[in-house]
1. Sort A:I11, A:I480 by accessible area with a 1.4 Å probe, largest first.
2. Give the A-B buried accessible area in Å², both sides summed, 1.4 Å probe, nearest 100.
3. With a Förster radius of 45 Å, plug the Cβ-Cβ distance of B:R466 and A:H203 into 1/(1 + (r/R0)^6) and report the FRET value to the nearest 0.05.
4. Per residue of chain B, what 222 nm ellipticity follows from adding -39500 (n - 2.57) for every DSSP H run with n ≥ 4, rounded to the nearest 500?
5. I'd like the accessible area for A:K166: 1.4 Å probe, protein heavy atoms, all chains in place, Å² to the nearest 10.
6. Using a 1.4 Å probe on the heavy atoms of the protein chains only, list every residue of segment A:37-71 that has 30 Å² or more less accessible area in the complete assembly than in its chain alone.
7. Pop a pseudo-label 7 angstrom from the Cα along the beta-carbon direction at both A:L439 and A:A210 and give the gap in nm to one decimal.
8. Using a 10 Å cut-off on Cβ to Cβ distances, tally the other chain neighbours for every residue of B:415-425 and report the average as a whole number.
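The values are calculated or read from the model by the stated rules, or taken from the named source; none is laboratory data. It should be emphasised that the depicted structure is a prediction, and the values quoted were computed from it without experimental measurement. Counting neighbours? That spans all protein chains shown, and the Cβs are built from the backbone with ideal geometry, glycine included. We work out accessible area using only protein heavy atoms, side chains counted, and drop any ligands, DNA or RNA first. Shrake-Rupley method; radii C 1.70, N 1.55, O 1.52, S 1.80 Å.
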Amino acid sequence: MNTIITSKIIITMLIPMITGLLVMVSGKKPNLRDSWSTIGAILTFVSVLSFLPVIQGGDQLQFTLFELYPGITVKLNLDPLGTIFALVASFLWILASLYCVGYMRGLDEHAQTRFYVCYAVSVGAAMGAAFAGNLFTLYLFYEIVSIFTYPLVMHHQDKEGYAGAKKYIIYLMFTSKAFLLPAMVIIYVLCGTLDFNSASIAHGIFPADADRFVVGITYLLCLFGFAKAGIMPLHNWLPDAMVAPTPVSALLHAVVVVKVGVFSICRVMLSIFGTDILNETGLGLMTAYFVSFTILTASVIALTKTNLKARLAYSTVSQLSYIVLGVAMLTPNSITGGLIHIANHAFAKITLFFAAGCIFVASGKKDISEMGGLAKQMPFTMVAFGLASLSMIGVPPVGGFVTKWYLALGTMDIHNWILLCVLMVSSLLNAGYFVPVVLKAFFGKPLPADEGLTTSLEGRPLIMFMVIPLVITGVVSVLIGVYPNLFLDLINLMVKS
Amino acid sequence: MENYLILNTLNFPILSLLLIIPVVGAIVAMFLRGETLLKYWALAVTLVTTLVSLPLWTNFDKTTAKYQFVELRHWFPALKLDFVIGVDGISVLLVLLTTLVMPLCVLCSWTYIKTRWKEFVIVTLLMETAMLGVFVSLNTVLFYIFWEGMLVPMYLIIAIWGGARKDYASIKFFLYTFTGSIFLLVAIIAMFIKTGTFFIPELMDHSYSFAFQMWVFLACAIGFAIKMPMFPFHTWLPAAHVEAPVAGSVILASILLKMGGYGFLRFCLPMAPAATVYCMPYLLALSLISIVVGGYLALGQSDIKKLIAYSSVGHMGFVTLGIFLLNDAGIKGAMLQMLNHGVTTGALFILIGIIYERTHSRELSDNNKLGMFMPIYVTFLGIFSLSSLAFPGTNSFVGEFLVLFGAFQDFPLVGAISILGAILAAAYMLRMLQKMVWDDSDGHAHHGHDDHGDGESHALFDCNAREFIQLAFLTIFVFWIGLHPTPLLDMMDSSVAHLLHQIDAGSVMPEAVEHGSTHHALLENAGTWIKNLF
């Protein structure tokens, strides 16, 4: 592995930030403003794509921007793990920016400029987190994401919005200040640096003689510090944050924000602690059991929710823990399964949220019980929804199957039947809360008021802005199930090193 | 004497000029007429002072711990009392902070101060000389003169241009600080009797008995702790801040509070090292209490100025915590934190002044939903609030991180408790930000935009160019220190190393080691003790 020092990698982070500025100055011209978002998104994706060959060749890109104190720098380092996250997030931003146009204009939302600015900056900060080369940089961008998504959550500026946003910021800020900050300081005291060990996932950065008790405490602080990952008991902010407009729930609460959390946990486990130390202290297995609780409990709660977005929110909580579970089992197969779920879950869950938003704008429906026979009016939307549900459940050949396959292999590698059972039960639960929605939409009885309505709701131009992205993401989530090689190869580069 | 000093090599007496320019400016101001002329005169004088001070930054020798730019004039030979001024790595940044903040104090009073501009200009300029004098004095008598010299102008600023309870606040301020200074004077005289010199570097080098050190330490520490202000001497600060005019608050927050920290570093630590080591656990405990109590009280305030005032108590707690950790990271962090607090809290008080001029209220509930009317103002408010809660990438983060690093290095338990302060800072700052920018929860809009027809009189216009310049100027420092603090840390480097050397050398006294080690052991073992619980 070679490390190439290049300032080019700042571009990926800068484009969204500049997009935010351009959106701000062109706030009075909606068409120009919204095209800036899309152009910014496309450029961001292209810039990530341009680094892909180098990363696939086994090299890494690095650049140090500022030095605060010896060992504490603002440093970008692009490795395969970061590439996966950056690719997924930037690609989905393109679709989400189109979708936003349809949604925000369709509902005639207020303060759209503020919305687009915060949206772009949040994505930019997520890119920064993906590219982070040390814990401080990760923390910096993690916090920027928290601050800039706050206005998005309270976008409606009503009582619910304020309450949800307050909870959101309290959960995220409290955990990062109370747990992450001391964890970072302790790591710095023990290791003298905060730089990730991106060369090998086995060794981490701790000196061999580090006190295992302190390492354990630090690990727990990190695990709870990244509350964005939605691991129980710190998951409560996520369902409440669903008061935000649906594009926010879709991109941010299915892809960017929560993935920054999960990505950070994976990053810390693999590049700060390393699999050796986690294995030796048993922290890996402990984490696996711990997140298993989240996987099952959140699924059960999802079963009880009748609001579609709330059900999706709890499903997110549950699915995020798959990623952590995979990494926590610490075998090559399980890590592959966990990390590839970053992509699989992103494509599937954004499709589901897009569909929920589309249904709301087109028909004004939020509750699952009202959606009987909806597939007649919105066939494309509901087919995509069905595909994405299959991915969540883990049916071949959709993306989620690859995840579950590798996770199951992982449980067998460590001969742990408890975790295998967790996987099986949770798949059943996933089916339990998604299948009824799909069945209802295709075969259910419409509400009396909707009786006999068969006219398509998807034909209006603004609705098209929403349907097309969600069809694309739905199709992609099948494609990455059939051809998972792009992501698998990248993960192999990490796991094999 | 000369081996402590590097005489000024610039072709002009830079430090004397810094002290003289404001005084001359004040004298000239006596003969000027017309408010506008006085305003511009004050601005010009403070700006010239700033310009004159800049060579301190460019020509400072970072490699030595000696005092630089020194000017030495014989004064009272009989008492071996010389007029000697100079700066080292500990004071130079505070001098620069003072000269940079003073023009802002004039600018932020531009429309805020409505009466007696002549007196205001004179008092403000005299204040500048006194504050600079404190930082550059290398002689305890000179130090004390300037130290007391600050008291009167500050008293006048609060008592003349203050708010409704200005009499109470100004008297309280005066009595608290003056009581502290009395103890300081006693210590200065006692040290003179013991050593026969007023020259600070010589006083540092003299080795005193442990008992004497304890008395000196306590006398100085009370004076500085009041100035800081440290719990339980902090009650004068909220009163003074709330009643002071905006310039008064800025001077208080940005510079006056730093005197306490500077005093600790200049007097207590090097002159009474054994006593410092002995008292360290108590001062660490008081610092922790300040951090938590300050933060906790700030959380409950509905008056924005009071909120920021209590937050200062918490921030200053971090400063004393850093100082008394007695390690490199802690002291550097504390010094950086003093500068950061000067920049950030100064800016926050300017911001409060701006909004007070528009709504005539400092209540949170009267100043909400500003995001809709004053986007530029709110942007700055956001930046400085985040800086105040030590958001990564801003100035306070670096300072706080260094202090925490110092704490976790030696006393993990202390570090763990101080994290509480960081959490509280996030809580009260975000609460303030949320209420001011968005919330209109009590449902009544005060600004007369929507229902009242009298909107014209208190229309909420956004920042004007003058206000924008002040805030933008301080914003540069927020990000500069936040992302590239290395030049500042380099300037402190030699002096802090020297200070730590003085403490190490001075604290190896049998009696002190005995006392000190038991306390150390207690703190150090706390971690192992907790560990054994599991």
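1. Sorted descending by solvent-accessible area, the residues read A:I11, A:I480.
2. Chain pair A/B: roughly 2900 Å² of buried accessible area.
3. For B:R466 and A:H203, the calculated efficiency is 0.20.
4. Value at 222 nm, helices only, nearest 500: -23500 deg cm²/dmol.
5. Answer for A:K166: close to 120 Å² accessible.
6. A:F66, A:E67, A:L68, A:Y69
7. The modelled label-to-label distance comes out at 5.0 nm.
8. Whole-number average of other-chain Cβ neighbours for B:415-425 is 3.
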